[in-house]
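> Structure below; questions to follow.
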Amino acid sequence: DTYEFWWTTTPDRFIERMKKERDAFWTQDRKSQAAALGLSLEEVSTLASIVQAETVQRADAPRIAGVYLNRLRIGMPLQADPTLKFALGLDSISRVLDRDKEVVSPYNTYSHIGLPPGPINMPEARSIDAVLRAEKHDFLYFCARADLSGYSDFSKSYDQHLVYARRYQRALNERGIQR
């Protein structure tokens with residue numbers, strides 16, 4: 001959200017206003033949904049930040065959230081490329097490389113199981129709601145579609161995921177996108 005503050009706003013007034021907005025956002029319904037997922041409000045925000053960075057397509061967000069919740073549930077690493085970009089300080093790259101997965105950081109969700117220590121961006125309300133209302137399914141993998149539409153292809157098996165990943169990599173290669 002966007003808030004208007006005057007230059008005369010004191011730090012205490014700013015904090016007071018942000019707390020008021022936070023309290024208004026986190027209704028009892030949203031708190032109950034977070035509790036039902038077994039996540040704290042901060043953990044929901046962290047996961048929502050990852051979901052938000054994964055897709056620009058609103059329709060995919062609840063399904064992507066479901067993938068990450070499935071991974072958390074079974075103790076599988078999140079393996080979220082946006083967390084690597086955050087750890088590397090390279091938000092503008094289009095392609096994560098295998099060498100990027102070696103970065104030493106608590107935000108490397110390839111080498112650390114569970115959520116990173118905090119959000120990688122300021123998640124919008126729609127991303128938080130996508131986590132709170134995540135789709136229930138059996139998908140464990142997703143990959144950006146080869147048509148570069150911003151949508152993702154979802155799969156239950158790693159073998160099927162590799163088919164989608166190779167198509168996406170081929171599309172990037174055909175367009176000369178190396179990084």
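> Using only the alpha carbons, work out the radius of gyration and Dmax of the stretch 46-121 in angstrom.
11.6, 33
> For Q28 and R133, what is the calculated FRET efficiency with R₀ set at 25 Å and r taken between the beta-carbons, to the nearest 0.05?
On the way: r = 16 Å, r/R0 = 0.62.
The computed FRET efficiency comes out at 0.95.
> Here's something else I'd like to know. How many nm is it between the label spots at I113 and M18, if each spot is 7 Å from the Cα in line with the beta carbon?
3.4
> Report, in degrees rounded to the nearest 10, the 0 to 90 angle that the Cα long axis of helix 28-37 makes with the longest principal axis of the chain.
Helix 28-37 sits at roughly 40 degrees to that axis.
> At a probe radius of 1.4 Å, what is the per-residue accessible area of V163, in Å² to the nearest 10?
For V163, the solvent-accessible surface is approximately 60 Å².
> Among A61, A87, A36, determine the one that fluctuates most according to a GNM of the chain built with springs between C-alpha atoms less than 10 Å apart.
Among A61, A87, A36, the largest mean-square fluctuation in the Gaussian network model of the chain belongs to A36.
> Also, quick follow-up: Taking square-rooted eigenvalues a ≥ b ≥ c of the alpha carbon gyration tensor, is the stretch 1-77 rounded, prolate or oblate, where a/c under 1.5 means rounded and, failing that, a/b exceeding b/c means prolate? It would help to have the intermediate numbers written out before the result.
Numbers: a/c = 2.74, a/b = 1.94, b/c = 1.42.
Cα axes put the stretch 1-77 in the prolate bin.
> At a probe size of 1.4 Å, how large is the accessible area of S111, to the nearest 10 Å²?
Result for S111: roughly 70 Å² accessible.
> Springs between alpha-carbon atoms under 10 Å, Gaussian network over the chain: tell me which of R22, R166, R71 tops the mean-square fluctuations.
R22
> Also: Of all the C-alpha pairs in the stretch 90-172, what % are more than 14 Å from each other?
Distances greater than 14 Å cover 75 percent of the Cα pairs.
> Tell me, what % of the accessible area of the chain is carbon and sulfur with a 1.4 angstrom probe?
Working: 5430 of 10770 Å².
C and S fraction of accessible area: 50 percent.
> Per residue of the chain, what 222 nm ellipticity follows from adding -39500 (n - 2.57) for every DSSP H run with n ≥ 4, rounded to the nearest 500?
Estimated from H runs of four or more residues: -15000 deg cm²/dmol.
> For the chain, just list the percent of Cα-Cα distances falling in each 10 Å bin from zero outward, please.
In order of increasing distance, the bins hold 9, 34, 34, 16, 6, 1 percent.
> Moving to a separate point now. Angle, helix 41-54 long axis vs. longest principal axis of the chain, Cα atoms, 0 to 90°, nearest 10?
40
The values are calculated or read from the model by the stated rules, or taken from the named source; none is laboratory data. None of these values were measured; they are calculated from a predicted model. Ideal geometry is used to build each Cβ from the backbone, glycine not excepted, and the neighbour counts take in all protein chains shown. Just the protein is used for accessible areas: all its heavy atoms, side chains included, with ligands, DNA and RNA removed. Shrake-Rupley method; radii C 1.70, N 1.55, O 1.52, S 1.80 Å.
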